[in-house]
Amino acid sequence: MPQIRKILIANRGEIALRIIRTCREMGIATVAVYSEADRTSPHVLAADEALPIGPAPSRESYLRIDRILEAASASGADAVHPGYGFLSENPLFAQAVADARLVFIGPSAGAIRSMGDKTAARALAAGAGVPTVPGTPGAVRDGADARDFCARHGYPVLVKAAAGGGGKGMRIVRSGSDLEGALRAAASEARSAFGDERVFLEKYFEEPRHIEIQILADARGNAVHLGERECSIQRRHQKVIEESPSVAVDEEMRRRMGETALSVARSCRYLNAGTVEFLVDGEKNFYFLEMNTRLQVEHPVTELRTGLDLVELQIRVAAGEELPLRQEDVAFRGHAIECRICAEDPSNNFLPSTGRIVHLRTPSGPGVRDDRGIDEGGEVSVYYDPMLAKLIAWGPTREGAIRRLVRALREYEVLGVKTNISLCLFVLEHPDFRSGEISTHFLQSHWRPEPDGDGCAGEERAAAAVCALIAAGAAPRAAHAASGESRWKEKRRDFLRGA
């Protein structure tokens with residue numbers, strides 16, 4: 001059994017900080033890596049050691065397997081945790097770590113390869129008796145191949161990258177006249193994002209839910225599921241709000257989905273943490289979508305419901321330890337919900353917002369968790385994902401968790417960049433969301449942003465000027481200069497939220 005004394009974290013931002021905190025509790029030393037843009041980032045300052053790995057662009061730093069392994073060797077690390085994104089689902093990286101006689105805190109390269117190729121994963125799942133969304137058995141060869149599938153299954157269909165994820169290389173096609181263009185566009189985007197232009201087709205469901213199951217498996221043949229997460233609130237196929245449990249899942253459905261997810265894991269001899277994702281139709285039939293062979297962004301939702309530290313379990317399993325629990329030991333408590341706070345402008349087609357965070361005030365209180373990767377004074381750059389933080393709330397009931405998250409979002413103040421906090425509040429306060437009437441088309445159906453710009457009232461401009469003075473340290477005089485104290489506070493809060 002390998003003994004892990006020092007872990008190199010091949011990532012950045014909030015997930016690197018998240019891993020560092022668990023390692024510190026376990027008495028394990030940590031090594032951060034950083035690009036030139038991240039040399040003073042919080043994860044660099046929090047780690048026991050930190051080593052540079054290249055210029056700001058990720059392809060020259062966080063995606064360089066050779067430089068990460070050089071850092072691991074120079075630091076004397078025993079193991080590598082990939083986090084999520086970057087190289088976390090790259091089988092070449094997992095194999096290179098193993099070849100360097102380091103522990104990879106994740107599944108084997110073979111399992112990543114099996115599940116990373118979406119068409120191969122579908123075939124494995126089908127072979128294990130798992131229901132799958134009707135789709136082409138492999139990548140489409142040409143337009144004629146695609147037209148044949150559409151003739152048999154009808155429109156709409158979804159064009160998807162065979163080697164991708166995160167909504168990249170994905171197009172909805174509603175008629176034959178749009179098929180050729182969608183195939184070209186998806187292949188081009190897939191080639192740019194993943195270096196692999198292969199695409200395949202799936203039947204498209206109009207109002208599905210996106211529900212995933214968290215699993216854990218050790219090297220001794222033990223595996224458990226930790227319940228579901230509802231991830232239907234999405235923008236451009238990327239998740240915005242996640243919660244557990246799902247209002248659509250009862251105990252019997254949860255048991256069946258959990259057993260199905262474990263069947264998928266066993267089909268590729270899966271080890272460590274992973275997530276099996278499903279589409280669920282209006283009759284509560286569920287279909288395998290894909291398996292994410294890593295820790296998920298939304299894993300804190302499951303942690304708050306189960307009381308388990310998934311990163312700690314990842315490390316222990318990677319070190320050869322047996323899972324400390326069986327399925328009957330998994331206990332669920334209350335309701336947890338998470339929103340992703342991103343530096344983007346919802347009023348301007350979600351354009352990424354870059355710049356320096358000149359003021360930051362984060363919420364706290366019972367049942368509130370703020371997983372953040374940036375501090376006041378930090379720079380939001382063009383090089384990386386615009387997610388600033390994940391704000392998670394727990395409550396004894398769904399309504400209680402929602403109210404708590406709304407309160408926490410209203411306390412969140414960000415000055416220097418635009419954020420999507422207004423969008424998160426819109427969703428959480430919408431009556432259809434409150435009643436659980438949601439699907440992956442929720443935002444497409446309900447969100448109608450009001451254009452931002454120079455058409456604001458003088459009072460709003462004054463509030464913005466006051467906020468700038470506050471950030472510069474002139475709060476007392478500025479506060480008294482604003483007329484109507486309660487109105488000023490409301491405008492100040494909205495401005496600082498980045499609305």
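Each value in this text was obtained by applying a stated rule to the coordinates, not by laboratory testing. Only a predicted model underlies this, so the values are computations on that prediction, with no experimental measurement involved. Backbone-built Cβ (ideal geometry, glycine too); neighbour counts: all protein chains shown.
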May I ask you to sort 359, 81, 335 by Cβ crowding, counting other Cβ atoms within 10 Å and putting the fewest first?
359, 335, 81
Which entries in 284/390; 160/418; 168/418; 6/239; 390/418 show an alpha-carbon gap greater than 21 Å?
284/390; 160/418; 168/418; 6/239
Would you kindly derive the ³J(HN,Hα) couplings of the range 212-222 from the backbone phi angles with the Karplus curve 6.51 cos²θ - 1.76 cosθ + 1.60 (θ = phi - 60°), listing them in order in whole Hz, with x for Gly and Pro?
10, 10, 7, 10, 9, 9, 9, 7, 9, x, 8
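Provide 445, 114 in ascending order of the number of other Cβ atoms located within 10 Å of each residue's Cβ, fewest first.
445, 114
Rounded to the nearest 500, what is the 222 nm mean residue ellipticity of the chain from helices alone, with -39500 (n - 2.57) per DSSP H run of 4+ residues and division by all residues?
Numbers: 18 runs with 183 residues, N = 499.
Value at 222 nm, helices only, nearest 500: -11000 deg cm²/dmol.
Run the dipole for the range 209-446 about the Cα centre, Lys and Arg Cβ at +1, Asp and Glu Cβ at -1, nothing else charged, and hand back the magnitude in debye, nearest 20. Walk me through the intermediate numbers first.
Details: 30 positive and 37 negative charges, 28 e Å.
The calculation lands at about 140 debye.
If you take every residue apart from residue 364 with its C-beta less than 14 Å away from the C-beta of residue 364, what net charge results, scoring Lys and Arg +1 and Asp and Glu -1? Can you show the working numbers first?
Working: positive: 361, 369, 372, 404, 407, 410; negative: 370, 371, 411, 413.
Net charge in that neighbourhood comes out at +2.
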When the C-alpha atoms of the range 6-105 are aligned to their principal axes, what extent does each axis show, in angstrom, from largest down?
29, 29, 23
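Using the 10 angstrom Cβ neighbour count as an exposure proxy, how do 69, 405 rank, fewest first?
Listing 69, 405 from fewest to most nearby Cβ atoms yields 69, 405.
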Under a Cβ-only charge scheme (Lys and Arg +1, Asp and Glu -1), can you give me the dipole magnitude of the chain about the Cα centre, in debye to the nearest 20?
180 debye
